[in-house]
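Structure first, then comments.
Just so you know, all these numbers are worked out from the coordinates, no wet-lab data involved. For clarity, every value in this text was computed on a predicted model and none was experimentally measured. Glycine also receives a Cβ, built like all others from the backbone with ideal geometry; neighbour counts cover every protein chain displayed.
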Amino acid sequence: MAILAIESTCDETGASVAQKTRQGVEILSNSVASSATIHQKYGGVVPEVAAREQVKSIIPVIEESLSEAKIQPHDLEAIAVTVGPGLIGSLLIGVETAKTLSLAWNRPLLGVNHMVAHLFANWIVEDEAQLVPEFPTVALIVSGGHTDLLLLKNLHEWIWLGGTRDDAAGECMDKCARILGLPYPGGPNIQASADTVTLKDKKIVLPRPLIHETGYDFSFSGLKTATSKLVQECPTSDFTAQIALELNQAIVDVLVSKTRLAILEFAPKSVVLAGGVSANKLLREKLKQELEKLGVSLFVPRLKYCTDNAAMVAAAALMRPQEVNPLEVSPIPGLEVI
Ligand code: KG4
Ligand code: ZN
């Protein structure tokens, strides 16, 4: 039996139909509409604009997803929806739609935390031979709003090891891109700019915040100030790509180093990477190299499941179902990670 999942936390509107397999989740369809290009001229997401686009796209996206999966409403076992954290206007569109469908189609409603959904992208399988993460696993969630390290003992017992004291890694990439004159979203554009050069100017050095501290706290807000100082000192466009490269490396160095620390302390069987920043090429490569040295297997979602999508929401709802009352549930903007 299949479920329909809905995602609308930021500037993406997603719907997906999925079903459980022996060990993971099979995706039958995954539709996403993004308003990212509309926000580009503002250098970041404008919440009201995002929500208004979602009102227009939510029904077509759901219809497309059901039709692609060749599933009728009466074939569905449940409706799943992200209930937070996210932008309140955006969340409201998805949650109210899911509540309405749950009541109209008389199907249970499953509530999903957005960050938990990101993690479960690692349980999406494309064939029966594909492996899923073995517990205990260390999870690194890196998105536009979060940077968190967790120890997952099994599907239900999770321990939050630490997170950012200020900006998330993705937020830092987005704001530094703006300082560098690169378009929104910052992460992929910093990566693309960094890819055009090799580091040759010794003047371009950014700090690796908290890298030498024990514990699992992160701090990325100072990198914005440091980047802005570098731009003032080296204002020519030649330096933009050099700074982008150093920034990408600084963020990746910190993320890899803290993950390594958690592996040494907790000896997990696997590490799972998740969230929009997990699409970062350097992060995926560096983490893979480090984990090979330590003999721990790394799981990263396929690129299309790294940034916001509803397939990961379906995966979380199927792996860890949490039924909510459609007459009572409301979106929660600041919901904690577990
Ligand atoms: O998970 P996500 O789609 O939305 C949130 O839950 O926040 O993450 C969006 C973040 C943005 O900050 C974006 O710049 C970043 O993910 N991102 C990347 C890459 N692709 C997206 N950061 C670094 N490298 C990338 N390739
Ligand atoms: Zn996200």
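If you bin all the Cα-Cα distances of the chain at 10 Å, starting from zero, the percentages per bin are 6, 26, 33, 24, 10, 2, 0. When Val17, Val61, Val254 are sorted by how many other C-beta atoms sit within 10 angstrom of their C-beta, beginning with the fewest, the order is Val254, Val61, Val17. By the count of neighbouring beta-carbon atoms within 10 Å, fewest first, Ser278, Ser8 end up ordered Ser278, Ser8. By the rule of a C-alpha distance below 19 Å, with chain neighbours fewer than 8 residues away ignored, the aspartates and glutamates paired with Lys304 are Glu7, Asp11, Glu12, Glu26, Glu64, Glu68, Glu126, Asp127, Glu285.
For the chain, the share of DSSP beta bridges that are antiparallel, to the nearest 5, is 55%. Hey, in the GNM for the chain with a 10 angstrom Cα cutoff, which one of Asn122, Asn325, Asn113 fluctuates hardest? Comparing Asn122, Asn325, Asn113 in a Gaussian network model of the chain, the most mobile one is Asn325. Annotation: aspartates and glutamates with alpha-carbon distance below 18 angstrom to Lys269 (same-chain offsets under eight excluded): Glu134, Glu157, Glu290, Glu292.
If you run the Gaussian network model on the chain, springs between alpha carbon atoms under 10 Å, then out of Lys293, Lys70, Lys20 the most flexible one is Lys293. Annotation for the stretch 143-233: GluC sites (Glu not before Pro) lying in DSSP loop with at most 13 further Cβ atoms inside 10 Å of their Cβ are Glu157, Glu213. Can you list the lysines whose alpha carbon sits under 23 Å from that of Lys229, skipping same-chain ones fewer than 8 residues off? Hits, sequence-local ones excluded: Lys175, Lys200, Lys202, Lys203.
Grab the beta carbon distance between Tyr42 and Glu96, set R0 = 30 Å, and tell me the FRET efficiency rounded to 0.05.
After rounding to 0.05, the efficiency reads 0.70.
Across the stretch 141-148, computed HN-Hα scalar couplings (Karplus, 6.51 cos²θ - 1.76 cosθ + 1.60, θ = phi - 60°) run 9, 10, 9, x, x, 9, 9, 9 Hz from first to last residue, x flagging Gly and Pro. Among Phe135, Phe220, the order by Cβ neighbours within 10 angstrom, fewest to most, reads Phe135, Phe220.
Structure remark: mean-square fluctuation, Gaussian network model of the chain, C-alpha springs under 10 Å; the largest value among Gly111, Gly162, Gly295 belongs to Gly295.
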